[in-house]
Amino acid sequence: MGDEVLPKSRGMKPQQKRLLIEIAVVTAIALIVILFVPPMLVDLGQASRVNQLGRFLALAIVALGIDLIWGYTGLLSLGHGILFALGGYAIGMYLKLQIPPNASIQLPEFMSLYDVKELPGFWKPFYSFPFTLAAVVLLPTLLGGLLGYLVFRNRIKGVYFSILTQAATIVFFNFFNGQQGFFNGTNGLTDFKTINLGRWGTCIQSFYPSIKSWNINSWRLVVAPVCWISKEDINSEQTQFIFYTLTVLFLVAAYALCRWLTSGRFGRLLVAIRDDEPRVRFSGYNPTTFKVVVFAISAGLAGIAGALYTVQTGLISPKAMDIAFSIEMVIWVAVGGRASLSGAVLGAVLVNFAKSFLSEQFAATWLFFQGGLFLLVVLVLPDGLVGWLRSQPIQQIKTFIGIRPQVATYPRIEEDPEIQRERENLES
Amino acid sequence: MSHQIGRRKFILYGSAALGTSLLLKACTTPPPESGTASTPGAGSSPATGASPVSNTTSGGGDTIKVGILHSLSGTMSISEKSVVDAEQLAIEEINAAGGVLGKQIEAVVEDGNSDWPTFAEKAKKLIDQDKVVTVFGCWTSASRKAVLPVFEQKKHMLWYPVQYEGQECSQNIFYTGAAPNQQIEPAVDWLLQNKGKEFFLVGSNYVFPKTANTIIKAQLAAKGGKTVGEDYIPLGNTEVAPIIAKIKKALPNGGVIFNTLNGDSNVAFFKGMQEAGLTPDKYPTMSVSVAEEEIKAIGKEYLVGHYAAWNYFQTVDTPANKKFVEAFKKKYGDDRVTNDPMEAAYIMVYLWKQAVEKAKTTDLEPVRKAAIGQTFDAPEGQVTLENNHHLSKFVRIGEVADDGLFKIVFETKTAVKPIPWNQFVADTKGFACDWSDPNKGGKYKV
Amino acid sequence: MLEVLEVIFNGLSTGAVLLISSLGLAIVFGLMGVINLAHGELIMLGAYTTFLVQNVCKAFGSPWKESYIFFALILAFIVGAIAGLILERGVIRYLYGRPLETLLATWGVSLILQQFVRTVNWVLVIGIAIFCLLFFGGLWVLNRLPNFQQIRKWVITVMLPLSIGIAAVTGGFLSQTYKLAVTKPWFGAQGVAVTAPKWLFGGLNIGTLTLPYVRLFIIALTIACIIALYLFFQRTSWGLRIRAVTQNRSMSACLGIPTQKVDALTFALGSGLAGVAGVAISLLGSVAPNTGQNYIVNTFMVVVVGGVGKLVGSIVAALAIGTIDYIIASKALLPLVAASKPLTDLVEFFGSTDMAKVMVFALIIVFLQIKPGGLFPEKGRTVDA
């Protein structure tokens, strides 16, 4: 969708039309996903899938970020897990500080296990909800910006950039794992109880009874994310549904942001950097700035995704900084189709669902299928699912079963096996 | 320019679309469907999963579904795979003997992939989708902590078979592995009496070893021992040269090593000990995560003469154990061995079965009540499920023998009662847990 | 004095382990530019080979039992090389020039290999053998037909499900008839034990210092591998060809060097070295399906820090990283900084295996800031502005 850049002058009309169509489609899909999918899944007896879908949609946000830097700009980051986890930890720390006032120790319960008597200084700001929200976005953005600046300034790129981000993963993974008094090590932050939004919560009181029930026949649910009951049980179905709604909204917003970034001049520059960086440099642009900016934006998206994922999973642990997880993120984009925003979203959701279905069906051997899938995608569908759909699959199937495409001229060249073979040889 | 228009239009059309659809929805609000609506008076309990009793009974059919949730892939599969084997053996035996309440047990096996969010996800899936009546699962504390909120929220039931650090007592979990006072504390006492006063503590860098070492240090301070050093290796790390150097520096003339390493690191650690010349006569090592399975993976040559503390060894001499070992080898092959977590996993399936039979239903609350006080003639001896949801267990210390099994050098005469809230840790001193009395609950001051 | 020697020795031996596990990668990644994330799994295959050889040799009794390690070295090299060859011919050759996609594909391969050692049993092996026999054998036979190119797609569409089906049915039949004997996993998810031969037990005593024989053996093995590699690259015609292709592929092709063969050979060589590394690490650590994962990132770091394409760089980098890692983790600097409180605190803070890793990798990132091309960057001008 809209990855081709149309000439600007006369093409305004069709471009606008396409944009409108796209907006309509996205809005429709979002509404369906918010309003119809959950009750449908519940009716089908698949209630736990709603939560799954919500989490996977959160992952789709980070996939969008990856697509932005990898698909469009050609930077393969294997360290997005850090940024994802930072967002998760930020919100997790806030939630861990929701300690009932009558508790014997005013500390997250794990700290006493490690002889931490006083709340570490950097935890304290996380009492504040606005600060937490800012931290969820800004912490990863700043880290991404800093890392990006250091790396791109030195013109480290390609494979080296990937490996450097891997090294960063190791640093953060071991730090969060090792500093157990601060972050509870391998266990991570878990067992969140309530979410307290203070003044935010008062306005919803009257709506509350109507969103108690799970079946989504009340439009008021859509209003729910704005107003919030204070001290809400975070694991209750309605809170979780609010997170689900928020996730979809954020995904739409992230999609819009990425779409906006990639369609204009900025987007064309990104693609130019991907395809020929020296030439961009020679044309008078400074690719470093663009790369830093786009990396920081992608980091911010990862942070938001991490926070949304954490509240829906009820857990954030250093596992999210594991290299495996970061590589998986890239694979979602590869499966969906790089340089295609809808592909990134689709890839994240499909791969994760495939993973959970496969591991349910073949608990002991599902890794075979997962590994096979990656191999297959890279070898057979180098442009991902969306790329394949774009390249006229019907024609391909026709060719495969022997119906040849209509050829206007020179049929001999197209059909002669000798020439075909020669051509293949030449190409390889 | 163009995208500015686009954005404005986006907001305009978006809100228009949202508005219309909201209106439409509001006008055509259908009556609540019967299947999903919750009773208005239900208060805090949301509609799905909140009434587990009706969920489980509606499962019906000729089989009873139970969940098995362990890591079959990833780092932890090294240990957890054999626990699954033991659970499946118990289920098979029960089914062969006629099942529970006249129904066969059907196990739904899920892979936690050594990944904690996956554990939480699969726990939800087992409860909501498969409507299992109970779940047997988890190994690491991290995975247990990850699923704990799920089980608490859905008021469901988890059986957990591994020795752990304590400091937890959930109404929704039954712990059939050892609490610290059933493994670590007796082991330290035994070492103080028989092996020496100077201890070096080695552990993996996560919650169990850290808590265990906190306890050990307090215990040593109280009983006249001395901690000369402690060090931690990240899970899965195999470079042990720095730690060996530290041990040699701290204990130049020998001393006791207390080892709470988990998984792969044990292999590297014992190989490193051996190559550095730290032999068991001068540096006796007490391990609490090395059992028969691990000996097989490390190589018995590296371990002969070292010690381990457990509640069960394959060499325990009881009729029940003979039967257990025989049945296990018959099903999985002669070269397989049994160990403590496997035994705990095996007995928890039976305990659950007994509780169901006593309650005459698989509904969660009656079973939970009926489970307390169940006794079972386990391979390790007769064990009882106490009212703090932990199991009373026998404590044993074994020395690794030439055949790769343990020679039991110490065992308690009677089963030791579990103490989940540790009395050596300041924060939990004086607390206890009792689920048979609604006024006491998970943590009350004695 | 002895303490300094101890630090040097331990640092050296840590470095040697790093080096031997990254030698293969230095060739595959350094010379060919292929990011092989399955490198760790090739190491793991080498370790499992050692386990098998050990068990076979144990059955033969005394002289064999003590010298199994040498057969293991040879066999592990061969196993690694064959696995690498299959990987190169089957996957990687389609992805040359697309390094990032190689990365994803080899990640898939590494997952498959891990699961393979976990589940491999007779049924699986027989199934795969039957499939290969039917499918590839069938293709080979049909290849002689004159109009094969035209019917190729059809043949594959028919043969693929057919051979999979036959293999699956046979597997099912076997597991029904022979039960445990064929369905029992060879290795299982649990690790397997590799025990060093008796003569590698213990160590060389110098005063209070012990130099373990196993470590000495690994250091010797590493040196031997480096010398062999040097001789291979400098003194043989294939070594010359590999160097030529590395420096200028198209010119080499013009001069008649079979670049495809060279690629396959280089990859097999690197993979074979990974197999040899597997023997070494099986003496030190665990042999389990996820063994390779512990090494993969470290090995990449070594190659990058050393400078891609320079074996000498990898050697220096491995030794440097190993020594620094050991010094930080063992708090060996403590006596030197005893005078200053903040420095002591710093050393104490980073003085654990975890934090040493944090420190080392942070240092690597800083180092690459200063020298982006590594210790020994590739000389010469590129168009890269």
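Since every read-out is calculated from the coordinates, none of them should be taken as a lab result. The model shown is predicted, which means the values in this text are computed figures rather than measured ones. Backbone-built Cβ (ideal geometry, glycine too); neighbour counts: all protein chains shown.
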Using Cα centres only, tell me the gap between the range C:51-89 and the range A:240-283 in whole Å. 52 Å
Where Lys and Arg each count +1 and Asp and Glu each count -1, what net charge lies around A:Tyr149 among other residues with Cβ under 13 Å from its Cβ? +3
Beta bridges per DSSP with both ends in the protein assembly as shown, % antiparallel, nearest 5: 45 percent
Please compare each pair in B:Lys322/B:Lys360; B:Lys300/B:Lys407; B:Lys81/B:Lys393; B:Lys124/B:Lys154; B:Lys65/B:Lys122; A:Lys96/A:Lys124 to a cut-off of 20 Å on the Cα-Cα distance and tell me which ones are over it. B:Lys322/B:Lys360; B:Lys81/B:Lys393
Packing-based exposure ordering (other Cβ within 10 Å, fewest first) of A:Phe250, C:Phe77: A:Phe250, C:Phe77
Sorted by chain and then number, the residues having a modelled amide H within less than 5 Å of the amide H of B:Phe136, at least 5 places away or on another chain, are B:Gly67, B:Ile68, B:Leu69, B:Trp159
Long-range amide H partners of C:Gly292 with built H, under 5 Å: C:Met44
Which helices pass in chain C if a helix is a full DSSP H run, must span at least 20 angstrom along its long axis by Cα, and must have mean Kyte-Doolittle hydropathy not below -0.5? C:2-25, C:39-60, C:62-90, C:99-119, C:122-142, C:148-178, C:213-235, C:259-284, C:293-306, C:311-329, C:353-370
Ellipsoid semi-axes in whole angstrom, largest first, where each is sqrt(5λ) of the Cα gyration tensor of the protein assembly as shown: 45, 42, 32
Under 13 Å, Cβ to Cβ, from C:Ile206 - net charge with Lys/Arg +1 and Asp/Glu -1: -2
Highest mean first, what order results for C:230-243, A:133-146, A:24-37 on Cβ atoms within 10 Å? A:133-146, A:24-37, C:230-243
Lys and Arg at +1, Asp and Glu at -1: neighbours of A:Ala305 with Cβ under 15 Å from its Cβ sum to -1
Rounded to the nearest 500, the 222 nm mean residue ellipticity computed for chain B from DSSP H runs (n ≥ 4, each -39500 (n - 2.57)) alone is -13000 deg cm²/dmol
Averaged over every viewing direction, what's the projected area of the C-alpha convex hull for chain B? Give it in nm², one decimal, please. 28.9 nm²
For chain C, just say rounded, prolate or oblate: build the C-alpha gyration tensor, square-root its eigenvalues into a ≥ b ≥ c, call rounded for a/c under 1.5, and beyond that prolate if a/b exceeds b/c, oblate if not. oblate
Within a 10 angstrom radius of each residue's Cβ in C:327-333, how many Cβ atoms of other chains show up on average? Whole number is fine. 4
Using a 10 Å cut-off on Cβ to Cβ distances, tally the other chain neighbours for every residue of C:288-299 and report the average as a whole number. 5
Once amide H atoms are placed 1.01 Å from N in the peptide plane, what residues at a sequence separation of 5 or more from B:Ser287, or on another chain, have their amide H within under 5 Å of its amide H? B:Asn259, B:Tyr307, B:Ala308, B:Ala309
Dipole check, the protein assembly as shown, charges on Cβ (K,R +1; D,E -1), about Cα centroid: among C:Tyr68, C:Ile218, C:Gly188 the Cα furthest to the positive pole belongs to C:Ile218
Loop-resident trypsin sites (Lys or Arg not before Pro) in the range C:310-385 with no more than 16 other Cβ atoms inside 10 Å, DSSP not H/G/I/E/B, are C:Lys379, C:Arg381
Could you pull out the pairs from B:Lys145/B:Lys445; B:Lys217/B:Lys249; B:Lys210/B:Lys353 whose alpha carbons sit more than 26 Å apart here? B:Lys210/B:Lys353
Hey, got the average number of other protein chain Cβ atoms within 10 angstrom for residues in B:227-240? 5
Arranged from highest to lowest average of other beta-carbon atoms within 10 Å per residue, in what order do the peptides A:286-293, A:98-105 appear? A:286-293, A:98-105
